[in-house]
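Below is one structure, written out as structure tokens, with a few remarks after it.
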Amino acid sequence: MSNDSKNARFPAARDICRLLVFCLVFALTFAKSLAADTSLPELFSKPVIQEAPSAEFKEVSSELRGIHEFSGNFSQEKKVAGLSRALQSSGTFRFLTPEGLCWRIRKPFYSDLLVSDEEMVQKDENGRKEKLFTENAAVIRGFSKIFLAAFAGETKRLSKQFDTFFSGSKEAWQLGFRPKSSQTAKFISYIILHGAKTTEGLTIVDGGGDTTTIRFSDVRVSRKASDTPFARCLSE
């Protein structure tokens, strides 16, 4: 069957593909103007005092910052107001400090996404590459920097734009981030990372109350620089 025939038969799948790629770890493009649910998890009653953080917080942050490469499998679920079923995807990921994140969706379709501080590049199932620019490009690039900093445990870098919250210890912890500015809060209500020695999953709630939950499995961690070029993500 030709590619044109496939595209004609499965237009919905292509639309869902683009939606899931853009809401990979955030919901910026699809943020709603509706007021978000004001209820917050208990974690957000435990702020981090940047001038005098707890010993447990410093230990967890140090562990995260010491990781150069973090890779494995992921499963993602996005619950959108107005949709009866959650959007689901799964695949593999590779995070390198300071290069960025390679996100490879394998179900329900193939799509690769390269996220760095400066750009987002997508490769579709036919091997076509495209830099993602939208009317919210500046906002999306800004959020990609925020997300990558959170993923790497760079809490000082985040403290300029987010209030930080923490609970637990090295054995089981949660890190939470809430935007300080009302402008950012239109897109992000809060972010929660949880894990033990490494990040095991994260939750992002956008300004409209939609929730993206990502879980990691078969995680591999390295504290040494990788010999594999980061850009190779889109050439494999």
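Observations
- Subset of the stretch 43-85 [touching a residue at least 40 places away in the same chain (Cβ under 8 Å) and among the acidic types (Asp, Glu)]: Glu56, Glu59, Glu63, Glu69, Glu77
- Here the stretch 188-200 is the region considered, the condition is being assigned to a strand (DSSP E or B) and closer than 19 Å to Arg65 by Cβ, and the residue that is modelled with the lowest pLDDT is Thr199.
- Yes/no for Phe93 being under 16 Å from Thr213 (Cβ atoms) and hydrophobic (A, V, I, L, M, F, W, C): yes
- Residue in the stretch 89-116 that is nearest to Lys79 (Cα to Cα), counting only those that are charged (D, E, K, R) and part of a strand (DSSP E or B): Lys107
- The residues of the stretch 168-187 that are more than 18 Å from Arg65 (Cα to Cα), modelled with pLDDT of 85 or more and in contact with a helix residue (DSSP H, G or I) (Cβ under 8 Å, 6 or more places away or on another chain), listed by number, are Arg178, Pro179.
- Summed over the stretch 117-149, the residues that are more than 21 Å from Lys78 (Cα to Cα), in a loop (DSSP other than H, G, I, E, B) and at pLDDT 80 or above give a count of 4.
- Against the list (1) surrounded by 18 or more Cβ atoms within 10 Å (Cβ to Cβ); (2) aromatic (Phe, Trp, Tyr); (3) modelled with pLDDT under 90, the condition Phe30 fails is (1).
- Extreme residue, surrounded by the fewest Cβ atoms within 10 Å (Cβ to Cβ), among residues of the stretch 82-106 that are aliphatic (A, V, I, L, M) and within 20 Å of Ser217 (Cβ to Cβ): Ala86
- Residues that are under 25 Å from Glu63 (Cβ atoms), free of Cβ contacts under 8 Å to residues at least 40 places away in the same chain and surrounded by fewer than 17 Cβ atoms within 10 Å (Cβ to Cβ) within the stretch 162-188 comprise Glu171, Ala172, listed in sequence order.
- Residue in the stretch 67-81 that is farther than 19 Å from Arg220 by Cβ and either in a loop (DSSP other than H, G, I, E, B) or at pLDDT below 85 (or both) present: yes
The values are calculated or read from the model by the stated rules, or taken from the named source; none is laboratory data. Owing to the predicted nature of the structure, the values given are computational and were not obtained by experimental measurement. Here the Cβ is made from the backbone with ideal geometry for all residues, glycine too, and neighbour counts use every protein chain on show.
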